[in-house]
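All remarks here apply to the structure that follows.
The values are calculated or read from the model by the stated rules, or taken from the named source; none is laboratory data. Being a predicted model, the structure only gives us computed values, none of them experimental. Counting neighbours? That spans all protein chains shown, and the Cβs are built from the backbone with ideal geometry, glycine included. Protein only, heavy atoms only, side chains kept; ligands, DNA and RNA dropped before computing areas. Shrake-Rupley method; radii C 1.70, N 1.55, O 1.52, S 1.80 Å.
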Amino acid sequence: MASPDGRASVFIDSHAHLADPAFAGDRGEVIGRARQAGALAIVCIGESIDAATIAAACAAENPGFVFATAGIHPHDAATFEATRDIPKLRELLERGAVAVGECGLDYHYDNSPRQAQRDAFSAQVELAAETRRPVIVHTRDAEDDTRAIIGDARAAGVGGVLHCYTGTHSLAAFAIDAGWYISFSGIVTFKKWTDDELLRLVPEDRLLVESDSPYLAPVPFRGKRNEPSWVAHTLNKVAAARGVDPLRLGRTTASNTERLFGLALHAA
Ligand SMILES: [Zn+2]
Ligand SMILES: [Zn+2]
């Protein structure tokens, strides 16, 4: 369990797309390397019905270590049909998916019409309220509408996380005030990253780390297929920005992830 600087490392990867075809050939080895690197668990994101089905199977094969989620990504909101998709998501949640998502709003790429994105996001927040799960939220260039839906979620007693967060300080503060968590990915290790202040703004008990693999590999692996075992690089960067011990921060962010998702961990 060595971190990049040779010290022990402990973490939970709060957001990995292990259901992605990029991992179809060696998913088991990727999970094995994560354990070796000090991962206590991996949250495997189901960002479509198909991905969530694969994520559920992966969780079943790795009990107490891989945990699945179920949701519809904002990029795919145009093809979301509540009457068809919500029952499928509900079934996956009833069978053990730990969160609804990822869902949210992406007005940067606008791959789906904005109204369809809002409708799909709101429907998933309602499902989270009904099934008493947190939501995993992707938000990009959609601050006002994200704020409004976090407000609705808060009123419905739904908590969640803003994942792979790179947005404004004020939206982060708004989410934290609503009881939410903020998760950082390998983006914070990139040369172009300039907002260490954001890394310091999140209270330690609301902070998560993630790979968002297979995307966004941290430095020094930038451009490669990302995998959960490299989360230690992101964790080290966040710890350095905050001036705290990465081992302690790894433990704290792991227990935050456990608490948010209600994970029942199994020692490997
Ligand atoms: Zn995302
Ligand atoms: Zn994602």
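Among the residues of the range 149-161, is there at least one that is of a type outside the set (A, V, I, L, M, F, W, C) and within 15 Å of ligand 2 (Cβ to nearest atom)?
Yes, because at least one residue in the range 149-161 is of a type outside the set (A, V, I, L, M, F, W, C) and within 15 Å of ligand 2 (Cβ to nearest atom).
Determine which single condition Ser9 fails, assuming it passes every other condition in (1) open to solvent by less than 20 Å² (accessible area, probe 1.4 Å); (2) modelled with pLDDT of 95 or more.
Just one mismatch for Ser9, condition (2).
Would you pick out the residues in the range 68-104 that are over 29 Å from Asp145 (Cα atoms) and either open to solvent by less than 50 Å² (accessible area, probe 1.4 Å) or among the small types (Gly, Ala, Ser) (or both)?
Result: Gly96, single match.
Confirm whether Phe67 is within 16 Å of ligand 2 (Cβ to nearest atom) and either over 17 Å from Gly262 (Cβ atoms) or touching a Leu at 6+ places or on another chain (Cβ under 6 Å) (or both).
In short, yes.
Residue under question is Gly157, and the condition is that it be on the phi > 0 side of the Ramachandran plot and open to solvent by 20 Å² or more (accessible area, probe 1.4 Å); does it hold?
Yes.
Test each condition in (1) within 16 Å of Ala77 (Cβ to Cβ); (2) more than 15 Å from ligand 1 (Cβ to nearest atom); (3) buried (at least 23 other Cβ atoms within 10 Å of the Cβ); (4) not basic (Lys, Arg) for Ala116 and report the one that comes out false.
It fails just one condition, (3).
For Gly25, which of the numbered conditions (1) small (Gly, Ala, Ser); (2) over 20 Å from Arg259 (Cα atoms); (3) more than 16 Å from ligand 1 (Cβ to nearest atom); (4) not in a loop (DSSP other than H, G, I, E, B) fails to hold?
Condition not satisfied by Gly25: (4).
Enumerate the strands (runs of 3 or more DSSP E) found wholly within the range 55-162, keeping only those where 1 or more residues are touching a residue at least 12 places away in the same chain (Cβ under 8 Å) and of a type in the set (S, T, N, Q).
Counting at least 1 such residues, we get 135-140.
Which condition number does Ala232 fail, the rest of (1) within 16 Å of ligand 1 (Cβ to nearest atom); (2) more than 30 Å from Gly157 (Cα to Cα); (3) among the aliphatic types (A, V, I, L, M) being met?
Just one mismatch for Ala232, condition (1).
Collect the residues in the range 209-219 that are without any contact (Cβ under 8 Å) to a residue 40 or more places away in the chain and either open to solvent by 50 Å² or more (accessible area, probe 1.4 Å) or in contact with an Asp or Glu (Cβ under 6 Å, 6 or more places away or on another chain) (or both), keeping them in residue-number order.
Across the range 209-219, the qualifying residue is only Val219.
Only one of Thr194, Thr166, Thr146 is among the polar types (S, T, N, Q), at negative phi and either surrounded by 17 or more Cβ atoms within 10 Å (Cβ to Cβ) or modelled with pLDDT under 95 (or both); which?
Thr146
Within the range 226-233, is even one residue farther than 24 Å from Trp180 by Cβ, among the small types (Gly, Ala, Ser) and touching a residue at least 60 places away in the same chain (Cβ under 8 Å)?
Looking for residues that are farther than 24 Å from Trp180 by Cβ, among the small types (Gly, Ala, Ser) and touching a residue at least 60 places away in the same chain (Cβ under 8 Å), one finds at least one in the range 226-233, hence yes.
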